[in-house]
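Visitor: Encoded as structure tokens, here's the structure I'll be asking about.
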Amino acid sequence: MKRSTINDIIRDADAFIRSFGYIMPPFAYWSPEEMKAHKADSAAIFNSRLGWDITDYGQEKFDELGLFLFTVRNGRYEDMKLGMGMLYAEKIMISRKDQLSPMHRHNIKAEDIINRGGGKLVLELFMHDRDGGIDPKAEVSVPVDGTIHRLPAGGLLKLDPGQSVTLMPGVWHAFWAEGKDVLIGEVSTVNDDLTDNVFRDPIGRFSNVEEDVAPLHLLVSDYEKWVG
């Protein structure tokens, strides 16, 4: 993706998020220079990979296959092993109309996916087999706001604004917005996008960036290169 395109997506996403009354944390608006200046006193931002995240999954067709994310807070796997501390994470995301977030599952993370507003959020769901792959026959059982919903393998769960679904580790899911763009909330156990995403198809998690202009704000995938 071109950096100019990423900058435009950030501007549009910020306006869309604000239109629903959700206010981003101050560090969201730090410039790359400010991020570097805060390296020492804001190490948790970099260590927990908080911030902007725009992906086309390395396929260079963002409008068809992609997702906007911003990680607001995130704990540490070390605390999960201890069973105490910051064991949770929160993201705000945007799925554009008919834009696919591809089929994947998580080894460790349990998550609530919440339709915060816009169109319908559609999830295609499968259970996992004994080897962790997709079970093409098993019934899917998931809680929607505490009430169990049962679907056939590959069934479509449609969430209206205000509804949420809980996905436990191993549940395969792909999702997209229907009708209009959707603002999505995610509340989960500790999130690690580097190791805990298992995709059905061989694709990447992050975008390859072409630096045609200066970054408006850094992405989480920029931190190592730009901040160190």
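Visitor: Please tell me if ASN47 is under 29 Å from PRO202 (Cα atoms), open to solvent by 20 Å² or more (accessible area, probe 1.4 Å) and among the polar types (S, T, N, Q).
Guide: Yes, satisfied.
Visitor: Test GLU210 against the stated conditions and say whether it is of a type in the set (Asp, Glu), under 21 Å from GLN99 (Cβ atoms) and crowded, with 19+ Cβ neighbours inside 10 Å.
Guide: The answer is no for GLU210.
Visitor: Please list, ordered by residue number, the strands (runs of 3 or more DSSP E) wholly in segment 1-117 having 3 or more residues that are at pLDDT 95 or above and closer than 24 Å to PRO215 by Cα. If you could, list the steps in order and put the result at the bottom.
Guide: Numbers: elements: 51-55, 67-74, 88-95, 101-106.
In segment 1-117, the matching strands (runs of 3 or more DSSP E) lie at 51-55, 67-74, 88-95.
Visitor: If only one of VAL190, VAL165, VAL209 is within 25 Å of PHE20 (Cβ to Cβ), touching a Leu at 6+ places or on another chain (Cβ under 9 Å) and among the β-branched types (Val, Ile, Thr), which one is it?
Guide: VAL165
Visitor: Quick one: which residue in TYR77, TYR57 is closer than 21 Å to VAL171 by Cβ, within 16 Å of the chain's Cα centre (by Cα), among the hydroxyl-bearing types (Ser, Thr, Tyr) and surrounded by 14 or more Cβ atoms within 10 Å (Cβ to Cβ)?
Guide: Unique residue meeting the criteria: TYR57.
Visitor: Of the residues that make up segment 107-127, is at least one more than 19 Å from the chain's Cα centre (by Cα) and either without any contact (Cβ under 8 Å) to a residue 40 or more places away in the chain or exposed (fewer than 14 other Cβ atoms within 10 Å of the Cβ) (or both)?
Guide: No, the conditions are met nowhere in segment 107-127.
Visitor: Oh, and also: Of all the residues that make up segment 128-140, how many are in contact (Cβ under 8 Å) with a residue 12 or more places away in the chain and either closer than 20 Å to ASP201 by Cβ or in a strand (DSSP E or B) (or both)?
Guide: Number satisfying all stated conditions: 6.
Visitor: Among residues belonging to segment 128-138 that are closer than 18 Å to PRO102 by Cβ and open to solvent by 50 Å² or more (accessible area, probe 1.4 Å), point out the one that is nearest to the chain's Cα centre (by Cα).
Guide: Among residues in segment 128-138 that are closer than 18 Å to PRO102 by Cβ and open to solvent by 50 Å² or more (accessible area, probe 1.4 Å), the one nearest to the chain's Cα centre (by Cα) is HIS128.
The values are calculated or read from the model by the stated rules, or taken from the named source; none is laboratory data. The model shown is predicted, which means the values in this text are computed figures rather than measured ones. All Cβ positions, glycine included, derive from the backbone under ideal geometry; neighbour counts span all protein chains shown. What goes into the accessible areas is simple: the full protein's heavy atoms, side chains included, and nothing from ligands, DNA or RNA. Shrake-Rupley method; radii C 1.70, N 1.55, O 1.52, S 1.80 Å.
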